[in-house]
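Undergrad: Following this message is one structure expressed as structure tokens.
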Amino acid sequence: MSSLQGHDDKTASLPQAYASAVAGQRNAAVLAVCQGLFTCAISIDLTLTALTGWQLAPDKALATLPFALITVAGAVVTWFAAFLIQRLGRRLSFALGAGSCCVGGLVSVWSVFNAHFWSFCVGTAMVGVFQAFAQYYRLAAADAVAEQFKSRAISTVLAGGVIAAIVGPALASWSRDLFPTALFAGAYLVVAAMGLLSVLVLLAFYRDLDAPQATADASVAASPPRPLGAIARTPVFMASVANNVAGSMVMMFIMTAAPLAAVACHHGIDDGAAIIQWHLVGMYAPSFFAGALIRRIGLGPVLLAGLGLNLGCALIAMASPSLPAFYAALLLLGIGWNFMFVGGTTLLAQSYTPSERAKTQGFSELLRYAATALATLGAGPLLARFGWETLNAAILPILLLSALATARWMLGQRAARAQAAGSMG
């Protein structure tokens, strides 16, 4: 009994900041599991939904519509999701989002069995609702820890997608023939199962947390919230949006078209699945070291490296339609997205006070989803009309704009450090 009492005393004597960091990392680990389940579900949709749409669509020009509706539904829901999270808390809100995935997967199963294109669109849109809520996992992890741990928490959550990046497309290949009379129906049953598992994990293990406010920031936290327009004009917010939006838009634009482009270039359906699998590994594997890399070389260089990798993707894809070129381009696209996304999210978490969180996060995610919805809606028609090489050339102006916004923020940071050093001297 005395030893237990002594243990309790030691636990109670832990500094609040350390205890908060431990609890925040535990929550990040739970969210990493949920990110893995989400990635597993969404990777099945990434691999098969364009092909399923082609199979079911009354007009082949509509083939990518079900896949695009994942992003469109996410764009519609994401703003409201931010305020629902604020009202109901993250735990219940995230569980509701995961529940929509379960229902959407079941609707998709029914649609494939009955060859009903429009109800299939409803099912994929419900998966998009899940995606809208799941995109707040990384922000929830960042909000639960102090400033110096934010990039690590974000990376921890995204690292949960690594195993799913490998398992998801493999599950898609295995489960698509689960029901011989309905090609792809089994895969959407797996999507429903991933949603159900997410609900159970969230309700059982996740807890709502916020990082304790540092004393130095107390006056800022207590000040009235700024108008959204004032926040949006700050260089840190603009740089965060430039990287989150540009990285996601470019990634979805190329990834949506890649399986169809691979088949058009006389590669097999299984090759398309393997390309997406390789791409997903590139998206999530760098999360094991992205946070440490940011701490070592700085946030700006990591963001610029991400932009450079996306440029490399475009150049390789424009140079060759061979299967190795598809693999290399999509791998670089995934790594580039990871660097831009982790870095952009770290910047976003630095751009608001707690009282400004919901509207700032919601606005940022709305912009990102609107851009990616446009990219996914346009990918199929542009691929059919202009081809794979032109599709990759179209991302170059987007990368240039993102580079300019990032450079502006970096120059502002350098000027601020120089001014601080001068005042100290």
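Undergrad: With the structure loaded, tell me whether Glu356 is among the charged types (D, E, K, R) and surrounded by fewer than 21 Cβ atoms within 10 Å (Cβ to Cβ) or whether it fails that test.
TA: Here the answer is yes, as Glu356 does meet what is asked.
Undergrad: Going by the conditions given, is Ser111 hydroxyl-bearing (Ser, Thr, Tyr) and buried (at least 22 other Cβ atoms within 10 Å of the Cβ)?
TA: Here the answer is yes, as Ser111 does meet what is asked.
Undergrad: Separate question: For segment 359-368, indicate whether the set of residues that are open to solvent by 30 Å² or more (accessible area, probe 1.4 Å), among the basic types (Lys, Arg), in contact (Cβ under 8 Å) with a residue 12 or more places away in the chain and farther than 16 Å from Ala261 by Cβ is non-empty.
TA: Yes: segment 359-368 contains one or more residues that are open to solvent by 30 Å² or more (accessible area, probe 1.4 Å), among the basic types (Lys, Arg), in contact (Cβ under 8 Å) with a residue 12 or more places away in the chain and farther than 16 Å from Ala261 by Cβ.
Undergrad: Collect the residues in segment 379-395 that are out of contact with any Ser or Thr (no Cβ under 9 Å at 6 or more places or on another chain) and either of a type in the set (S, T, N, Q) or more than 18 Å from Phe326 (Cα to Cα) (or both), keeping them in residue-number order.
TA: Passing the criteria: Arg385, Thr390, Asn392.
Undergrad: Identify, from the list Ala261, Ala292, the residue that is more than 29 Å from Ala32 (Cβ to Cβ) and either touching a residue at least 60 places away in the same chain (Cβ under 8 Å) or of a type outside the set (Gly, Ala, Ser) (or both).
TA: Ala261
Undergrad: Let me ask another. Within segment 114-141, can you find the residues that are under 16 Å from Arg368 (Cβ atoms), at pLDDT 90 or above and open to solvent by 10 Å² or more (accessible area, probe 1.4 Å)?
TA: Val129, Gln131, Phe133
Undergrad: Okay, moving on. Here are some conditions: (1) closer than 26 Å to Leu280 by Cβ; (2) modelled with pLDDT of 90 or more; (3) buried (at least 17 other Cβ atoms within 10 Å of the Cβ); (4) not polar (S, T, N, Q). Ala393 meets all but one. Which one does it not meet?
TA: (3)
Undergrad: So in segment 405-425, with the set limited to residues that are modelled with pLDDT of 85 or more and loosely packed, with under 12 Cβ neighbours inside 10 Å, which one is farthest from Phe253 (Cα to Cα)?
TA: Ala415
Undergrad: Select from segment 42-94 the residues that are more than 28 Å from His116 (Cα to Cα) and more than 16 Å from the chain's Cα centre (by Cα) and list them in ascending order. Before you say what the answer is, go through the steps one by one.
TA: Our first condition is that a residue be more than 28 Å from His116 (Cα to Cα); within segment 42-94, this holds for 79-94.
Result: Phe80, Phe83, Leu84, Ile85, Gln86, Arg87, Leu88, Gly89, Arg90, Arg91, Leu92, Ser93.
Undergrad: I would also like to ask the following. Please pick out the residue among Phe326, Phe339 that is over 27 Å from Thr52 (Cβ atoms) and either buried (at least 23 other Cβ atoms within 10 Å of the Cβ) or among the basic types (Lys, Arg) (or both).
TA: On inspection, the qualifying residue turns out to be Phe339.
Undergrad: Separate question: Return the total of residues in segment 256-275 being of a type in the set (A, V, I, L, M, F, W, C) and crowded, with 23+ Cβ neighbours inside 10 Å.
TA: Here is the first cut: in segment 256-275, the residues of a type in the set (A, V, I, L, M, F, W, C) are 257-258, 260-265, 269, 273-275.
Those left that are additionally crowded, with 23+ Cβ neighbours inside 10 Å: 257-258, 261-262, 273, 275.
Qualifying residue count for the region: 6.
Undergrad: Then there's this: Criterion first (modelled with pLDDT under 85, more than 22 Å from Leu189 (Cα to Cα) and either among the small types (Gly, Ala, Ser) or open to solvent by less than 70 Å² (accessible area, probe 1.4 Å) (or both)) does Gly89 satisfy it? Steps first, answer last, please.
TA: Working: modelled with pLDDT under 85: no; more than 22 Å from Leu189 (Cα to Cα): yes; either among the small types (Gly, Ala, Ser) or open to solvent by less than 70 Å² (accessible area, probe 1.4 Å) (or both): yes.
Here the answer is no, as Gly89 does not meet what is asked.
The values are calculated or read from the model by the stated rules, or taken from the named source; none is laboratory data. Nothing here was measured: the structure is a model prediction, and the numbers come from that model. With ideal geometry, Cβ positions are generated from the backbone for all residues, glycine too; neighbour counts draw on all protein chains shown. Remember, those area values only see protein heavy atoms, side chains included, never the ligands or the DNA or RNA. Shrake-Rupley method; radii C 1.70, N 1.55, O 1.52, S 1.80 Å.
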